[in-house]
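Trainee: The structure's right below; bear with me while I get my questions together.
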Amino acid sequence: MHTILQVLSFYGTTMMIPVVFAGVAWGIIGGALPGISPSITMALLIPFTYTMSPTLAIVLLASTYVGAEYGGSVPAILINTPGTNSAAATTLDGYQMKLQGRAAEAIGISLYSGVIGSFVGIAIVVLLTQPLARMALLFTPPAYFSLGILGLSVIASLSGGSVLKALIAGVLGLMIATIGTDPISGVSRFTFGMSDLLSGIKPILIMVGLFAVSELFLQSSGAAWVKAEEGASRVRFPNARMRRRLIRPQFIGSVIGAFEGIMPGAGGTIAAFLAYNEAHRWSRHKDEFGKGSPEGVAAPETANGTVACTTLIPMLSFGIPGSNSSAVLLGGMLIHGLIPGPQLLQESPRVILGLYSGMAIAPVVLVILGVVMLPLCIWMVNRPQHYLMAFIYALIVSGVYSVDQSLFDVGIVLAAGLVGFAMRLFAMPFLPMVLGLVLGYMVESSFRRSLVLSGDDYHIFLQDPISLAFLGLAAIFVGGALLAPLLKLLWPKTTQTRSVSDGAAKNGEL
């Protein structure tokens, strides 16, 4: 009862509901623009959250993620161009339904299934809150170090086909994390005499540059996307008979989305294609897939909605972002002094409860705005692409500058954008770099604190049971990545799911 009263207090005494409306609305717009992924949409908001309370800032970013997952399906269905990578599976049957004059039905199924997935995802996150809270007091400096190593070992699974490229990206992130002052001695390092670097480089500046600015460079040099039909701005939700038919693919999408969201490095793209494949496997209408099957739209969209929530679990519990979008959310938490990990649930329970309160009403808001904003999304897709890119670029620069009135920060963002553009050209994934940047400080400081406690005895990392378990998991991740080339030689055939997910990893959006 006390928890329910707290939740109601968020809705009645704070700006929670307007913030959720704003986040979902912005997410739908960003997701509907091809190439503007959920992570970029979230990153654009980061500078404007500095003056907000931590709870509302995190709710704004999380609800943006929920809105962007639906928004990505709009161009996927109408113009065969997914607004987000995770909406790529939706094009397979969604666009075929549009060609058959069933665009309104396809968009309605997408919205309905995404809402179902979101409710399932938030339920899973809430149910795991208590177990994670009980773990909070068990973590020691060696455990935090091993947790960071586990997070860095995930780099091996984010290689997108090249472990070497992932390692290079991870090392770049670790190098940036060392800039500033030493966490133990306080000695400045790698500042080159510039006072602006004494406090280090804010991770969010790198993220905005990597995700948003580099994408602007890429979009500006590419061809314009296809225009949508103005008359397609309707939503028709499935009737009772169709809803019964969609129960099975939605169940499949929810299960796969929950599992893939919890696993760091998996993410929405893999979940969507796995859900599509399994829905096809268990469908009674296999012959319709690829020709306009409603189940082929429902399964991946349910998975996307579930992943948008369950991806919070590894980020909140261990501080390990499972996707680019959760990495941006992690950056938003860091700028408000919130350190994701086991102690967050003990030190900031009101923030976590506020996050869950906002996520609980985000699907309801998505239904309302998904219908109302569809004409606006179509109108924006049909605007000249260079005008939209210029507007977003101005939004980034003005937002970053407004935080500290620092041109140095703007320069960091632009430099990170150039680095990100080069990484895109060489097909290097972004998430390993973000992991190195975010986890670098925790790994270094926990390692050195552990040695101080043990008198330079390295056995302390093996004597702590939690630390030993994390190190074992890290070894499994690394071993699996090293064995992958051998497995490919033994089983050279690759599935469509793997090839598409690898392509998404190379573009840095899992």
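The values are calculated or read from the model by the stated rules, or taken from the named source; none is laboratory data. Please read all numbers here as calculations on a predicted model, not as lab measurements. Quick reminder, even Gly has a Cβ in these numbers, built from the backbone with ideal geometry, and neighbours come from all protein chains shown. Just the protein is used for accessible areas: all its heavy atoms, side chains included, with ligands, DNA and RNA removed. Shrake-Rupley method; radii C 1.70, N 1.55, O 1.52, S 1.80 Å.
Trainee: I'm told Y458 meets every condition in (1) modelled with pLDDT of 85 or more; (2) within 16 Å of G341 (Cβ to Cβ) except one. Can you identify the failing condition by its number?
Mentor: Exception for Y458: condition (2).
Trainee: Tell me which residues, restricted to the range 360-397, are within 27 Å of G209 (Cβ to Cβ) and out of contact with any helix residue (DSSP H, G or I) (no Cβ under 8 Å at 6 or more places or on another chain).
Mentor: Hits for the range 360-397 are R383, P384, Y387, A390, F391, A394.
Trainee: Let me ask something else about it. Only one of S195, S188 is out of contact with any Phe, Trp or Tyr (no Cβ under 7 Å at 6 or more places or on another chain), under 16 Å from D409 (Cα atoms), modelled with pLDDT of 80 or more and open to solvent by 30 Å² or more (accessible area, probe 1.4 Å); which? Full working, then the answer.
Mentor: On the way: S188 fails: under 16 Å from D409 (Cα atoms).
Step by step, each of S195, S188 is checked, and only S195 is out of contact with any Phe, Trp or Tyr (no Cβ under 7 Å at 6 or more places or on another chain), under 16 Å from D409 (Cα atoms), modelled with pLDDT of 80 or more and open to solvent by 30 Å² or more (accessible area, probe 1.4 Å).
Results for (1) assigned to a helix (DSSP H, G or I); (2) at pLDDT 80 or above; (3) in contact with a His (Cβ under 6 Å, 6 or more places away or on another chain), shown as yes or no for each residue.
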| position | (1), (2), (3) |
| --- | --- |
| E301 | yes, yes, no |
| G305 | yes, yes, no |
| P321 | no, no, no |
| G341 | no, no, no |
| G354 | yes, yes, no |
| L369 | yes, yes, no |
| R383 | no, no, no |
| Y387 | yes, no, no |
| I392 | yes, no, no |
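Trainee: Of all residues being part of a helix (DSSP H, G or I), in contact (Cβ under 8 Å) with a residue 60 or more places away in the chain and open to solvent by 30 Å² or more (accessible area, probe 1.4 Å) in the range 71-99, which is nearest to I361 (Cα to Cα)? Just the residue, please. Step through it out loud before you land on a result.
Mentor: Step one: filter the range 71-99 for residues part of a helix (DSSP H, G or I), giving 71, 73-78, 85-99.
Applying the additional criterion that residues be in contact (Cβ under 8 Å) with a residue 60 or more places away in the chain yields 71, 73-75, 77-78, 85-90, 92-94, 96-99.
Narrowing the set further to residues that are open to solvent by 30 Å² or more (accessible area, probe 1.4 Å) leaves 85, 92, 96, 98-99.
Numbers: N85: 25, L92: 30, Q96: 32, K98: 30, L99: 34 Å.
Ranking the candidates gives N85 first.
Trainee: Same structure, new question: What's the number of the condition G331 fails, among (1) out of contact with any Leu (no Cβ under 8 Å at 6 or more places or on another chain); (2) over 23 Å from V208 (Cα atoms)?
Mentor: Here G331 meets the rest and fails (2).
Trainee: Quickly run through the range 54-64 and pick out the residues that are hydrophobic (A, V, I, L, M, F, W, C) and open to solvent by less than 10 Å² (accessible area, probe 1.4 Å).
Mentor: Selection gives A57, I58, V59, L61, A62.
Trainee: Also, quick follow-up: Could you check, for the range 405-425, whether at least one of its residues is open to solvent by 30 Å² or more (accessible area, probe 1.4 Å) and more than 22 Å from G173 (Cα to Cα)?
Mentor: Yes, because at least one residue in the range 405-425 is open to solvent by 30 Å² or more (accessible area, probe 1.4 Å) and more than 22 Å from G173 (Cα to Cα).
Trainee: Kindly establish whether G341 is surrounded by 24 or more Cβ atoms within 10 Å (Cβ to Cβ) and in contact with a Phe, Trp or Tyr (Cβ under 7 Å, 6 or more places away or on another chain).
Mentor: On the way: surrounded by 24 or more Cβ atoms within 10 Å (Cβ to Cβ): no; in contact with a Phe, Trp or Tyr (Cβ under 7 Å, 6 or more places away or on another chain): yes.
In short, no.
Trainee: Tell me the residue from R234, R241 that is at pLDDT 70 or above, open to solvent by 70 Å² or more (accessible area, probe 1.4 Å), outside any helix (DSSP H, G or I) and not hydrophobic (A, V, I, L, M, F, W, C), please.
Mentor: Answer to the check: R234.
Listed here are the residues, each with its yes/no results for (1) assigned to a helix (DSSP H, G or I); (2) open to solvent by 10 Å² or more (accessible area, probe 1.4 Å).
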position: I29; (1), (2): yes, yes
position: M52; (1), (2): no, yes
position: V66; (1), (2): yes, no
position: E69; (1), (2): yes, yes
position: G101; (1), (2): no, yes
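Trainee: Take the residues in the range 31-50 that are surrounded by fewer than 24 Cβ atoms within 10 Å (Cβ to Cβ) and assigned to a loop (DSSP other than H, G, I, E, B); name whichever of them is modelled with the highest pLDDT.
Mentor: Filtering the range 31-50 for residues that are surrounded by fewer than 24 Cβ atoms within 10 Å (Cβ to Cβ) and assigned to a loop (DSSP other than H, G, I, E, B), the one modelled with the highest pLDDT comes out as Y50.
Trainee: Next up: Out of all the residues in the range 428-442, which are open to solvent by 20 Å² or more (accessible area, probe 1.4 Å) and of a type in the set (A, V, I, L, M, F, W, C)?
Mentor: M428, V438, M442
Trainee: Return the residues of the range 301-314 that are surrounded by fewer than 24 Cβ atoms within 10 Å (Cβ to Cβ) and under 10 Å from the mean Cα position of the chain (by Cα); say none if nothing qualifies.
Mentor: Of everything in the range 301-314, nothing turns out to be surrounded by fewer than 24 Cβ atoms within 10 Å (Cβ to Cβ) and under 10 Å from the mean Cα position of the chain (by Cα).
Trainee: Same structure again: Name the residues in the range 360-384 that are closer than 26 Å to F119 by Cα and open to solvent by less than 10 Å² (accessible area, probe 1.4 Å), would you? Working first, answer last.
Mentor: Narrowing the range 360-384 to residues closer than 26 Å to F119 by Cα: 360-377.
Once the filter is applied, which keeps residues that are closer than 26 Å to F119 by Cα and open to solvent by less than 10 Å² (accessible area, probe 1.4 Å), the range 360-384 yields A362, P363, V365, L366, G370, L374, C377.
Residue by residue, here is whether (1) of a type outside the set (K, R); (2) in contact (Cβ under 8 Å) with a residue 40 or more places away in the chain; (3) under 29 Å from I201 (Cβ atoms) holds:
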{"residue": "I313", "(1), (2), (3)": "yes, yes, yes"}
{"residue": "S325", "(1), (2), (3)": "yes, yes, yes"}
{"residue": "I339", "(1), (2), (3)": "yes, no, yes"}
{"residue": "M359", "(1), (2), (3)": "yes, yes, no"}
{"residue": "G370", "(1), (2), (3)": "yes, yes, no"}
{"residue": "S406", "(1), (2), (3)": "yes, yes, yes"}
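Trainee: In addition: Can you tell me how many residues in the range 443-463 are open to solvent by less than 40 Å² (accessible area, probe 1.4 Å) and farther than 13 Å from I149 by Cβ? Before you say what the answer is, go through the steps one by one.
Mentor: Quick first cut of the range 443-463, residues open to solvent by less than 40 Å² (accessible area, probe 1.4 Å) only: 443, 445-446, 450-451, 454, 460-461.
Okay, now just the ones that are also farther than 13 Å from I149 by Cβ, so 445, 451, 454, 460.
Number satisfying all stated conditions: 4.
Trainee: Here are I412, I476: which of them is free of Cβ contacts under 8 Å to residues at least 60 places away in the same chain and within 27 Å of the chain's Cα centre (by Cα)? Outline the logic, then answer.
Mentor: Details: I412 fails: free of Cβ contacts under 8 Å to residues at least 60 places away in the same chain.
None of the others qualify; the one that does is I476.
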